[in-house]
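A.B. asks: Structure incoming, see below.
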Amino acid sequence: MVRVVSFDKIPNKFDFESLVPALRAFFLRRLPNDAEDLLQETLLVLHQHQKMSEIQNPRAFAFGVAYRKFLRAVRSRSRRPLATNYDFDKFAGTTDLEASLATQEQTQHLIRALTRLPLRDQKVILLYYFDGLTGPELALHLGISVSSGRSVLKRARDRLRTEISNLIAAPLEDKPLDLTLSAWRDSVIDKL
């Protein structure tokens, strides 16, 4: 026999529905285009929370959840994933490329530095910066904890930064590199 329980009959359950107008206003002031989606995600978390009777201040808890949803939305907007079929080289020699990488020389340094990294670091850089995975998604993809994922990403960035510094200190080889960012990306994907 299946027993249906509604939220209004659970003892000590706070009525979060009374906060809907305030939560909606909170999101509308910050992200008007995503306000309804964020409101629904917030309400879903509130309704799924198991220990509602232990919450001292339900209003503060609700706005804490809303604030975390807002931050996550802002962060995901600030680092949109690049399309997987993006042609990095189609702007070669144009001002668009110069705006993102400044010069062809910097592009050459970046590609050379990326190819000198261990394969795991290349994979981490590719997944995080080119495919747009978040830290937790990266950790899940690598099969490690989130804190380990942050460490792996930090080490990969540090190694890349060191390689670029070493290349900048040394004169650039006269021979241009045959490898492009797209080709580097494809080679890393082939090795995965």
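A.B. asks: Can we say Lys13 is of a type outside the set (Phe, Trp, Tyr), modelled with pLDDT under 90 and over 30 Å from Leu127 (Cα atoms)?
C.D. replies: Against the criterion (of a type outside the set (Phe, Trp, Tyr), modelled with pLDDT under 90 and over 30 Å from Leu127 (Cα atoms)), Lys13 qualifies.
A.B. asks: Looking at Arg68, Arg80, can you tell me which residue is within 30 Å of Asp186 (Cα to Cα), at pLDDT below 90 and surrounded by fewer than 17 Cβ atoms within 10 Å (Cβ to Cβ)?
C.D. replies: Working: Arg68 fails: within 30 Å of Asp186 (Cα to Cα).
Every option except Arg80 fails the conditions.
The values are calculated or read from the model by the stated rules, or taken from the named source; none is laboratory data. Predicted model, so just to flag it, every value in this text is computed and none were measured. Glycine also receives a Cβ, built like all others from the backbone with ideal geometry; neighbour counts cover every protein chain displayed.
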